[in-house]
Amino acid sequence: MSEFFVQNAGSSQTLIFALVISALWGVEKLVLAEPMADKSRHAALNSLFILSALPIELVCSVACVALAAWVTAHHWGLLYLLPFYDSPWVKYGVMFVVLDLLDYVYHRTMHHIPGFWRFHLVHHTDTIVDASTTVREHPGETTIRNGFLFVWILLTGASFEVLVLRQTVQTICTIFAHSAFRLPAGPARVLGWVLITPNLHHVHHHFELPYTNCNYGDVFSIWDRLFGTFANLSAEETVFGLDTHFDDPATQNCIGMIAMPFAARAAGGAVPEGCAAVEPRLPAAATS
Ligand SMILES: [Zn+2]
């Protein structure tokens, strides 16, 4: 990892994020031949959330750098209880896997604590999942997500370098997972044993429970398999959106979505249940 990249982590991350999303969105446009006006309107609406996320991310990244430097200088956190904690295999490899597990915990928490779900549901109300859906995140969730990251740094003792590595890989995987493309069945099955593919993340964006509460993984799919939240659903059976907000006009404009967590209907939706051994079934909306 070059020194320049480490010293300019915040701007490098933003640049990678913008480049990968734009490239994938362009490929989606070319290959899927969707009407330009519809796809552009959808992307423009989602992209407005970048404006709210940027200042929060900039402030929080400064705090993250300071916190990571402090835990490293003071040998604070679970990392320093491990044997060979100085080995790159432990410092980068083990910590990467641990941070991925903690992101699974974070995502599952966002679905199961009603006060957090109110903010996370904004991401789930998108009825067209493509690369631009990646940035559809309520500023309240951006703040909560960074709050969790601070706790994870204090808990694990993650260094700044592993956080940059983790963030870079996670960003690329998350954008890939939101792609409008699906992998063919064979490669999807093989890759899906280890990684969250678009096919698996699309299940998470299915409009109704229990599928909305499945496939929480960010990079690895092993956590969903281990903790009973893994599910498959074919493209034909998958309907994007959220059953509680299909008819909500607030999903069509940015102000409406900013206010959405505070509306009465945000109290509905996800409930604390897993989805082990879920049998794929055709949703009512697709059969009518
Ligand atoms: Zn979710």
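ILE50 sits among other residues whose Cβ lies under 12 Å from its own Cβ, and their net charge, with Lys and Arg +1 and Asp and Glu -1, is -1. At the listed q of 0.10, 0.15 Å⁻¹, the Debye profile of the stretch 3-287, built from one uniform point per Cα, gives log10 I(q)/I(0) equal to -0.53, -1.24.
Ordering 153-163, 237-247 by mean Cβ neighbour count within 10 Å, with the highest value first, yields 153-163, 237-247. Each label point was placed 7 Å from the Cα along the Cα-to-Cβ direction; for ASN232 and LEU51 their separation is 4.4 nm. Calculated on the Cα set of the stretch 72-135, radius of gyration then Dmax: 17.1, 47 Å.
Summary value for the stretch 3-287: 22 percent relative contact order, contacts being C-alpha pairs under 8 angstrom separated by 6+ residues.
A crude spin-label estimate for the pair PHE246 and THR109, with each label 7 Å from Cα along the Cβ direction, gives 3.3 nm.
Taking other C-beta atoms within 10 angstrom as a stand-in for reagent exposure, ILE255, ILE128 fall in the order ILE255, ILE128, fewest first.
None of the figures in this text is laboratory data; all of them are computed from the coordinates on show. Note that the structure is predicted; figures quoted are calculated from it, not measured. All Cβ positions, glycine included, derive from the backbone under ideal geometry; neighbour counts span all protein chains shown.
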